[in-house]
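**Student:** Questions regarding the structure given below will be posed in turn.
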């Protein structure tokens, strides 16, 4: 009886473990915009190679963002037609039965774009929109969320007190969700309009306070991102003739130029492991590089004759999502942080797949090893450059 009982206990434990493993295996790996002949829809990819379409809208769909808990995807779409873009939300609490629903509808704002869930589980979504309260033009603000993912209030950050009389755009959260950086062309220099990098408080009732122009340069400064500790900001600028990548502290001081090349360097993205990925044309077409935060140790991660764009770091900084035309159409790929294990995630010859986004919970809840249904592209030649 003791052996039988032990056998049953062991078998029960094995089944429980297997059930837990299977449950974790169903966590979506990433989302992206997919086109299978019906226009752009939202798809999710799993680590076993499966791709599942989770929307079926007759509408233009734009940007995507995951909630920090990995249960929801928010995106922008215009099912009402024209420029009336609303926010919609996909409930993936049960990944086998995704539920797509309207979040804002006709009663909350118009032209709501570029949604980004706040970090740290903060129930807010950053938006870029016309029609925000106190709006003068295009502004950056946030939508508060009530219990059950119900929409709350729209708050205008960049025109909180009439500061943003021109265009404010491309907002990005600080790691703790208390500040944002954004681009604005509100300040004229030599009677010319150009985009500068601004920082603003974004926390609760203080949202919109202490907006500061960090760059204030006659050349355009764009695409700002916080470092993982929130103490620095990386951005691109044409102040030295062409697009290069720079870093500064959050007061706009201690400016350092990280790249120095005659070809375009742009769209830097900072990983949680303190590595910077960026796009460059220095090798004749668009490639993805990585470098240290001081600009050293530049490495070509992709090195392919077809263009590679849009690096997106995973939560732990161990992998990168990107777009490439290397298999004909534009598709979504994943690779390790060093450029290895390149895999085609979307495998869709019928249309273009774009805007990949990691599920922030994937690396925490997924299982390994990866299965074999992905397209493996083999070893990728890489080159390490000690300097530009």
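The values are calculated or read from the model by the stated rules, or taken from the named source; none is laboratory data. Just so you know, these numbers come straight off a predicted model, no measurement behind them. Ideal geometry is used to build each Cβ from the backbone, glycine not excepted, and the neighbour counts take in all protein chains shown.
**Student:** Please give the number of the condition residue 271 fails out of (1) under 24 Å from residue 342 (Cβ atoms); (2) over 24 Å from the mean Cα position of the chain (by Cα).
**Tutor:** The one condition residue 271 does not meet is (2).
**Student:** Tell me which residues, restricted to the range 187-202, are modelled with pLDDT under 90 and assigned to a loop (DSSP other than H, G, I, E, B). Lay out the reasoning, then the answer.
**Tutor:** Of the range 187-202, the ones modelled with pLDDT under 90 are 187-193.
Scanning the range 187-202 gives 187, 190, 191.
**Student:** Restricting to the range 247-269, what's the tally of residues that are in a strand (DSSP E or B) and surrounded by fewer than 23 Cβ atoms within 10 Å (Cβ to Cβ)?
**Tutor:** 8
**Student:** Counting only residues that are more than 12 Å from residue 264 (Cβ to Cβ) and crowded, with 21+ Cβ neighbours inside 10 Å, how many does the range 274-288 have?
**Tutor:** Here the count works out to 3.
**Student:** OK, next. Any residue at all in the range 79-100 that's on the phi > 0 side of the Ramachandran plot and in contact (Cβ under 8 Å) with a residue 24 or more places away in the chain?
**Tutor:** No, the conditions are met nowhere in the range 79-100.
**Student:** Considering (1) surrounded by 19 or more Cβ atoms within 10 Å (Cβ to Cβ); (2) without any contact (Cβ under 8 Å) to a residue 24 or more places away in the chain; (3) farther than 28 Å from residue 186 by Cα, say which one residue 244 fails and leave the rest.
**Tutor:** (3)
**Student:** Next up: Which members of the range 284-294 meet the condition of being assigned to a loop (DSSP other than H, G, I, E, B) and either without any contact (Cβ under 8 Å) to a residue 40 or more places away in the chain or more than 22 Å from the chain's Cα centre (by Cα) (or both)?
**Tutor:** Of everything in the range 284-294, those that are assigned to a loop (DSSP other than H, G, I, E, B) and either without any contact (Cβ under 8 Å) to a residue 40 or more places away in the chain or more than 22 Å from the chain's Cα centre (by Cα) (or both) turn out to be 284, 285, 286, 292, 294.
**Student:** While we're looking at this one, here's another question. Given the criteria part of a loop (DSSP other than H, G, I, E, B), in contact with a strand residue (DSSP E or B) (Cβ under 6 Å, 6 or more places away or on another chain) and within 20 Å of residue 268 (Cα to Cα), does residue 215 qualify?
**Tutor:** Yes: the conditions hold for residue 215.
**Student:** So how many residues does the range 206-241 have that are on the phi < 0 side of the Ramachandran plot and either touching a residue at least 60 places away in the same chain (Cβ under 8 Å) or exposed (fewer than 15 other Cβ atoms within 10 Å of the Cβ) (or both)?
**Tutor:** 10
**Student:** Give the range 293-308 a look and list any residue that's surrounded by fewer than 22 Cβ atoms within 10 Å (Cβ to Cβ) and within 21 Å of residue 242 (Cα to Cα), or say none.
**Tutor:** Scanning the range 293-308 gives 293, 294, 295, 296, 299, 300, 307.
**Student:** Would you pick out the residues in the range 61-92 that are outside any strand (DSSP E or B), at pLDDT 95 or above and either over 23 Å from residue 316 (Cβ atoms) or more than 17 Å from the chain's Cα centre (by Cα) (or both)?
**Tutor:** Of everything in the range 61-92, just one residue is outside any strand (DSSP E or B), at pLDDT 95 or above and either over 23 Å from residue 316 (Cβ atoms) or more than 17 Å from the chain's Cα centre (by Cα) (or both), namely 92.
**Student:** Output the number of the condition that residue 159 fails; it satisfies all remaining conditions of (1) touching a strand residue (DSSP E or B) at 6+ places or on another chain (Cβ under 6 Å); (2) under 20 Å from residue 247 (Cα atoms); (3) not in a strand (DSSP E or B).
**Tutor:** It fails just one condition, (2).
**Student:** Among the listed residues 352, 341, 347, which satisfies the condition of being at positive phi, in contact with a strand residue (DSSP E or B) (Cβ under 8 Å, 6 or more places away or on another chain), at pLDDT below 95 and part of a loop (DSSP other than H, G, I, E, B)?
**Tutor:** 347
**Student:** Could you run through the range 40-59 and say how many residues are surrounded by fewer than 14 Cβ atoms within 10 Å (Cβ to Cβ) and either in a loop (DSSP other than H, G, I, E, B) or at pLDDT below 85 (or both)?
**Tutor:** 3
**Student:** What tally of residues in the range 328-347 results from selecting those that are touching a residue at least 60 places away in the same chain (Cβ under 8 Å) and surrounded by fewer than 22 Cβ atoms within 10 Å (Cβ to Cβ)?
**Tutor:** Qualifying residue count for the region: 2.
**Student:** Going through 132, 145, 112 one at a time, which residue ends up being out of contact with any helix residue (DSSP H, G or I) (no Cβ under 6 Å at 6 or more places or on another chain), at pLDDT below 95 and assigned to a strand (DSSP E or B)? Walk me through how you get there before you give the answer.
**Tutor:** Working: 132 fails: assigned to a strand (DSSP E or B); 145 fails: at pLDDT below 95.
Checking each option against the conditions leaves just 112.
**Student:** Something else now. Where the second residue is surrounded by fewer than 19 Cβ atoms within 10 Å (Cβ to Cβ) and part of a strand (DSSP E or B) and the first is on the phi > 0 side of the Ramachandran plot and lies in the range 259-272, which pairs have Cβ atoms under 9 Å and are six or more apart or on separate chains?
**Tutor:** Listed pairs, sorted by first residue: 267/309.
**Student:** Take the conditions free of Cβ contacts under 8 Å to residues at least 24 places away in the same chain, touching a strand residue (DSSP E or B) at 6+ places or on another chain (Cβ under 6 Å), surrounded by fewer than 17 Cβ atoms within 10 Å (Cβ to Cβ) and not in a strand (DSSP E or B) and apply them to residue 119. Does it pass? Give the derivation first.
**Tutor:** Working: free of Cβ contacts under 8 Å to residues at least 24 places away in the same chain: no; touching a strand residue (DSSP E or B) at 6+ places or on another chain (Cβ under 6 Å): yes; surrounded by fewer than 17 Cβ atoms within 10 Å (Cβ to Cβ): yes; not in a strand (DSSP E or B): yes.
So residue 119 does not fit the description; no.
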